[in-house]
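Everything below concerns the one structure shown next.
The numbers here are math on the coordinates, done by the rules we state, and not lab data. Everything quoted here is computed from the prediction, not taken from an experiment. Ideal geometry is used to build each Cβ from the backbone, glycine not excepted, and the neighbour counts take in all protein chains shown.
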Amino acid sequence: MKQPASEAQQGGPEAAPEPPVLSASTAKSAEEKGGWRSLGLRLDVRNLSLLGVLAALIVVGGITKPEQFLDTNNLQLVLTQASVIGVVTVGMTFVITSGGIDLSVGAIVALSSVWATTLATQQYGFAGILFTAVVVGLGCGLVNGLLIAYGGMVPFIATLAMLASARGLALQITEGKTQIVTVNSVLDLGIPDSYVLGVPPLVLVFAAVTVIGWLVLNRTTFGRRTVAVGGNAEAARLAGIDVRRQRLYLYLLSGLCCGIAAFLLIILAGSGQNTNGNLYELDAIAAAIIGGTLLSGGRGTIVGSVLGVLVFTTITNIFALNNLQSDVQQIAKGAIIVAAVLVQRRTMRNGEA
Amino acid sequence: MAPAPPETLLLTMSGIIKTFPGVRALDGVDLEVQAGEVHCLLGQNGAGKSTLIKVLAGAHQPDGGVITWRGEAVTLKSPIAAMRLGIATIYQELDLVEGLSVAENIFLGHEPTSAGFVIKGREARAAATALLKRLGHPEIQAHTPVGELSAAQQQIVSMARALSHDVRLIVMDEPSAALDPDEVDNLFRVVSTLTADGVAVIYISHRLEEIRRIGDRVTVIKDGRTVAVALPAKETPTREVVALMTGRNVEYVFPERPAAPPSADAEPVLRVEGLTRTGEFEPVDLELRPGEIVGLAGLVGSGRSEILETIYGARKPTAGRVLVGGAPLRPGSVPSAVRAGLGLAPEERKAQALLMLESVTRNVSVSSLPRFARIGWLDRSAERTAARKATRELSLRPDNPEARIRTLSGGNQQKAVLARWLLRGCRVLLLDEPTRGVDVGARAELYAVIRRLADEGLAVLLVSSEVPEVLGLADRVLVLREGRVVHRAPAQELDEHRVLDLVMEGSPTP
Amino acid sequence: MPETSRRGLLFGTAAISAGALLTACTSNEPEKKEPAANSQPAAADDKPGTPVTIGFAGPQADHGWLNAINENAKSRAAKYSEVTLDITEGSNDTAAQIGQVETLINKKVDVLVILPADGKALTQVGLKAMRAGIPVINLDRIFADPQAYRCWVGGDNYGMGVSAGNYIGEKLKDKPNATVIELAGLDNLELTQQRTKGFDDALKNFPNIKKVARQAADFTVESGQAKMAQLLQAQASFDALWNHDDDQGVGALRAIQQAGRDGFLMVGGAGAKSAMDAIKADNSVLKATVLYPPTMAASAIDLARALGQSKGVSGLAELEIPVSVTCYSAVVDKENVDQYLPTGFS
């Protein structure tokens, strides 16, 4: 990074025609540096500050409740509880990175989970439930995407409308009743017998979605276009990117994540209920933002979002283990959001200076 | 007008400097305004007018220079500080609250109150009515919501708001842009009322004939510098004013044209047939051959950028079509144009071309992503290598593919945009004001790059408001006036004065 | 109120066993598929009387219990040929519900049954109806002003906690140093605080029992699972659990299953069918549930009908219906589950 900066000094109208050998070697080192950074988890300052928060929480948990907190079962518990909202947050991160917002995620999770657990769907067993959850999620995402990309609606409004109607439809399907799942192959995925080397299947799915999400955002044309659309939609359009199609895909992706999350929730809760996914939209947005994704778009980090989710889940866990009540939990959650963002802004400023 | 006696001197700004990352917006601007005059500020888009008035309004802090207000040096720390001194600014986008009434808008932030917080609505309405009457618009009702007023009436309300403070200087940024001729007449009457009361007005407009009608003196700025101070508005010939606005202050070095220009029989790579956008430009026909640079010359508002963007598919034509290599493009589709081999370097580089948070590489590769991808999976080292090859070909500095684009100078940012299309392998390059915001010294290098790209077989369509740039760089020139092509000729057959005559044709040219 | 004499006459003919109305809350006679209230002999008088139009305004039925309230009201009204039920679209929005009640007032219904989204917020509209001469039966969530209703019918949240605490206490009274945990409902609601208070007060009768942990879920299966999982992790062993709500209990049971835990006694709340089924099957930790009976809506219809026809309640000596009826929070366990199963809601 240093060498090219000094070259900038000599830049200008009379710049050297072709860089000398020396600069070619520095170029190589710069590339290697990029390559090294790309191999790692790209732990930039934003993620570092959040890792610090997480580490501090682990210390607090370990001191206050050493036996219960520092325990394999508890690790499984925290990761399992993080899985459902985590998958939603990965989708949300893409949408926010593109400069959009999806307020309907919680409602889509609710609708997918109840549609996939009606008596009619349950007749088709495991595949029927999984298929329905994913297709309903995609369907809602498709409607969101079409309204926003081709209907010219503001994402806030379009997804707010989806929030209302998906919740309404979920209520209509269930009539307020809890739909118990009786398909054993689905239920079995939630109990310890199904754990793979001690890892719950839900956590495996969450991990897979995270890794795929990270790869897609950082290593594919789709991810690059998402960032471009979020950074400057007009520039992206004039650079030849089909911005509208990209937006459509993004809301489809968010819907897909909601469908997967709904399936995980069905496994976890052993049922479908229209109240599922309550306030997921706010939790997912909060996790993405404290993770370092810019609410205005153009910059997103899957690692940060997942850390954000883990921070929230760990707080809930520590508070519950210490038998603190929900009022204190909510206050602490608000404080953590403010603290994380403040720390992040400070470290970012220092990092840039 | 005779030189001002010192006691009427209201404002002097001297040597004002303002730098933004990558560009020096103001590079020593001087301005001198007397009480009771209409002082016109002229300059092309990007010349620094907006920055200057923002400095004057207290919205930007200058990096250098002195501001003297009624004989005392002042610093304008904030818009409130400027307002306290008696400087009011009426921006192009009016900052009125549409849901509030006329009176509420006028007294927003300094409402007449009793006991410090109870707003005396009746008093405010009476005062508002008096102000509107003073401005010659008693027909505007003080209780009407501003949203229900016409653009012209809203402007009057803005002025009344300025007058509700003890204002001595009103800055008007293109006040006539949204008005029809009758409303402009009205506006001028109001301006005369103000100056008769001793209030000074800084009037910004592109319309030279307005300046002649209403202005007392003219200051021209170009590239962040004052190029003419206090010219008499009525007497200075239009051509001289235009020449000051557009003219060069440095002798540019233009690259040699190729010895053998592309033959007229060669197959055109771009053919535009009867392309029209109602309200913006009339049917345009043009052909572009490989290796050829064609220039579009015209004033702001002549339809230059609109034509370019319509060819590119960023605007949908009302009629006509665009063919690349003989195949018609889908109207209004940028992806279709890009696939066919068109590339655009747009006028507003930051707003329309660059991903400001991203690196040089990503800005260059953004239009060619599929090339580095297998089923969507990016080969990032191939991407970096290719992007770097393109930026090196254009001698982009710094030679660091990971540098953030926003840290680059204007000229190097423009090279990144050109590298984007070079990498994409485009056949037709559409350049809209390619040297806007580019330091004077870096322009020659850009000219050389553009010519070299043409020599390598690209067809270039160039839009510039700088007549010498069009004449120096292009092979052929189309002159535009009010959305119409009024003249076509090889560049060598034209000179600057001829082009200025053509673009101003119809205006009185003394 | 006119026609007192005729009411007396009608009252004489109403011969139903004492407390029949009240036991509508806790039905005795099982009958499949239909809310139990239908199988009850109607209060006051089964014979068609003067036509009565009852306006019914409730919150959005987004929870099993609220849904059961609506169904109980509807099926009870359907039993009477002379009763017309004008039921509004349920709403959780106070303003919307006020509007709905005002519409019913304007329609000049004979009696109003209101289950407010928020009791305090709907007090004014209750007063308005009463002033307009339309008697109001206030269901469950009580208005702030007694003048806003003619009769209040509701459950006993404090009593629910007491019942749960006493039941658990009796089961554990011989066990030294017994520990109990509580999975509460939505902490934002006063009723949750009342239930917890009742539970704590009842446990005071049993000095050997200590409540060691409490977490609040929010009446949803999802939150029940999440909070229960945390509670289980926090408490390596305990003897009993009271869960306020059977809906969230579905999630709690799932968490218990996932953690592979047993060896404690679980008591539910509200009286969902799924809970009663589990109690009957006796194959899980869930051994009992404390009722908060949705049949109170059927009772409210009966009371409304009696009001509209200017009758009293059979089985009571009074000429008028009572001002307040509090349903008993019975404990349902394996012994009596068959009796209560038909009232279970899903």
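So what does the Cα-only Debye profile of region B:87-152 read at q = 0.12, 0.13, 0.24 Å⁻¹, as log10 I(q)/I(0), no solvent term?
-0.31, -0.36, -1.15
Dividing the Cα convex hull volume of region B:394-510 by residue count, how many Å³ per residue is that? Display every interim value, and only then the final one.
Working: hull volume 15.1 nm³, N = 117.
Residue-normalised Cα hull volume stands at 129 Å³.
Please compute the average number of Cβ atoms from other chains found within 10 Å of each residue's Cβ in peptide A:271-282.
Numbers: counts 10, 2, 12, 4, 10, 4, 2, 5, 1, 1, 0, 0.
Taking the mean over all residues of the peptide, I get 4.
Quick one: the Cα spread of region C:157-291 along its three principal axes, in angstroms, biggest first?
Result for region C:157-291: principal-axis Cα extents of 33, 32, 29 Å.
At 0.36 nm per residue, and after removing the present C-alpha to C-alpha distance, how many nm does the segment from A:Leu70 to A:Leu119 gain when stretched out fully?
Values: separation 49, 0.36 × 49 = 17.64 nm, distance 4.08 nm.
13.6 nm is the gain from fully extending A:Leu70 to A:Leu119.
Report D for chain B in µm² per second (integer): Stokes-Einstein, Kirkwood Rh on Cα pairs, 25 °C, 0.890 mPa s. Display every interim value, and only then the final one.
On the way: Rh = 25.0 Å.
Calculated translational D: 98 µm²/s.
So what's the Cα pair-distance distribution over chain C, bin width 10 Å, in %?
6, 26, 31, 22, 11, 4, 0
Which of B:Glu309, B:Glu32 comes first, and how do the rest follow, when ranked by fewest Cβ neighbours within 10 Å? Spell out each step's value before the answer.
Values: B:Glu309 22, B:Glu32 18.
Arranged by neighbour count, lowest to highest, B:Glu309, B:Glu32 become B:Glu32, B:Glu309.
Among residues other than B:Val229 whose Cβ falls under 10 Å from its Cβ, what is the net charge (Lys/Arg +1, Asp/Glu -1)?
Numbers: positive: B:Arg217; negative: B:Asp30, B:Glu32.
Overall, the nearby charge balance is -1.
Compute log10 of I(q)/I(0) for region B:62-110 with the Debye formula, placing one identical point scatterer on every Cα and leaving out solvent, at q = 0.16, 0.17, 0.18, 0.32 Å⁻¹, to two decimals.
Debye output, listed in q order: -0.62, -0.68, -0.73, -1.29.
Check cross-link reach from B:Lys389 to the lysines: straight Cα distance under 29 Å, and skip same-chain residues fewer than eight apart.
Within reach: A:Lys2, A:Lys28, A:Lys33, B:Lys350, B:Lys415.
Send over the semi-axes of region B:47-171's equivalent ellipsoid, whole angstrom and largest first, taken as the square roots of 5 times the C-alpha gyration tensor eigenvalues. Don't skip to the end; give the middle numbers.
Numbers: eigenvalues 159, 57, 31 Å².
Over the Cα atoms of region B:47-171, the ellipsoid semi-axes are 28, 17, 12 Å.
Specify whether the C-alpha gyration tensor of region A:72-179 places it in the rounded, prolate or oblate class, a ≥ b ≥ c being the square roots of the eigenvalues: rounded for a/c under 1.5, otherwise prolate if a/b is larger than b/c and oblate if not. Could the numbers behind the result be given before it?
On the way: a/c = 2.03, a/b = 1.20, b/c = 1.69.
Oblate, because a/c is 1.5 or more while a/b does not exceed b/c.
Full extension from B:His143 to B:Glu493: what is 0.36 nm times the residue separation minus their Cα-Cα distance, to one decimal in nm? List each step's numbers first, then the result.
Details: separation 350, 0.36 × 350 = 126.00 nm, distance 6.12 nm.
Full extension from B:His143 to B:Glu493 adds 119.9 nm.
Among the listed pairs C:Lys79/C:Lys311; C:Lys47/C:Lys311; B:Lys18/B:Lys49; A:Lys177/C:Lys197, give every one whose C-alpha distance is greater than 20 Å.
Working: C:Lys79/C:Lys311 18 Å; C:Lys47/C:Lys311 13 Å; B:Lys18/B:Lys49 12 Å; A:Lys177/C:Lys197 28 Å.
Where the Cα-Cα span goes over 20 Å, the pairs concerned are A:Lys177/C:Lys197.
Taking a ≥ b ≥ c as the square roots of the eigenvalues of the Cα gyration tensor of region A:199-353, is the shape rounded (a/c under 1.5), prolate (a/b larger than b/c) or oblate? Present the calculation step by step, with values, prior to reporting the outcome.
Details: a/c = 2.19, a/b = 1.31, b/c = 1.67.
Here region A:199-353 falls in the oblate category.
Straight-line reach from C:Lys204: which lysines fall under 26 Å, measuring Cα to Cα and dropping same-chain residues less than 8 apart?
The qualifying lysines are C:Lys171, C:Lys173, C:Lys175, C:Lys227, C:Lys287, C:Lys334.
Based on other C-beta atoms within 10 Å, arrange B:Met245, B:Met159 from fewest to most.
Values: B:Met245 22, B:Met159 29.
Ranked by crowding around the Cβ, least crowded first: B:Met245, B:Met159.
Need one number: nm distance between label points at C:Lys128 and B:Arg374, each 7 Å from Cα along Cα→Cβ, rounded to one decimal.
7.2
Run through all the Cα pairs of region B:392-454 and give the fraction in each 10 Å bin from 0, expressed as whole percent.
Result, from short to long distances: 21, 59, 20 percent.
Calculate the tail of P(r) for the protein assembly as shown: the fraction of all Cα-Cα distances greater than 59 Å, expressed in %. Walk me through the intermediate numbers first.
Values: 249054 of 730236 pairs.
I get 34 percent for the Cα pairs in the protein assembly as shown exceeding 59 Å.
Over all residues in B:182-194, what is the mean tally of Cβ atoms on other chains that come within 10 Å of each residue's Cβ?
Details: counts 0, 0, 0, 0, 0, 0, 0, 0, 0, 0, 0, 0, 0.
Mean partner-chain Cβ count within 10 Å for B:182-194: 0.
Using only Cα atoms, find the angle between the long axis of helix B:151-164 and the longest principal axis of chain B, and express it within 0 to 90 degrees, rounded to the nearest 10.
50
Within 10 Å of each Cβ of A:167-176, how many other protein chain Cβ atoms are there on average?
Numbers: counts 1, 2, 0, 1, 6, 0, 0, 6, 7, 16.
If you average over the peptide's residues, the count of other-chain Cβ atoms is 4.
Checking a compactness column here: for region A:144-265, what do you get for Rg(Cα) / (2.2 N^0.38 Å), N being the number of residues? Display every interim value, and only then the final one.
On the way: Rg = 18.6 Å, N = 122, 2.2 N^0.38 = 13.7 Å.
Computed over Cα atoms of region A:144-265, the ratio equals 1.36.
Would you kindly calculate the translational diffusion coefficient of region C:57-100, applying Stokes-Einstein with the Kirkwood radius from alpha carbon pairs, for 25 °C and a viscosity of 0.890 mPa s, and quote it in µm² s⁻¹ without decimals? Don't skip to the end; give the middle numbers.
Details: Rh = 11.2 Å.
Answer from the Stokes-Einstein relation: 220 µm²/s.
For region B:144-236, compute Rg over Rh where Rg is the Cα radius of gyration and Rh is the Kirkwood radius from the inverse mean 1/r over Cα pairs. Please list the in-between numbers first.
Numbers: Rg = 14.2 Å, Rh = 14.4 Å.
My calculation of the ratio gives 0.99.
Which net charge results for the neighbourhood of A:Met92, defined as the other residues with beta-carbon distances under 14 angstrom from its beta-carbon, given Lys and Arg at +1 and Asp and Glu at -1? Show your work: numbers first, answer last.
Details: positive: none; negative: A:Asp102, A:Glu281, A:Asp283.
That sum, taken over residues with Cβ under 14 Å, equals -3.
If packing is taken as the mean number of other Cβ atoms within 10 Å per residue, what is the order of B:465-478, C:161-174, A:198-211, B:227-240, highest first? Display every interim value, and only then the final one.
On the way: B:465-478: 23.1, C:161-174: 21.1, A:198-211: 18.5, B:227-240: 16.1.
Highest-to-lowest ranking by the protection proxy: B:465-478, C:161-174, A:198-211, B:227-240.
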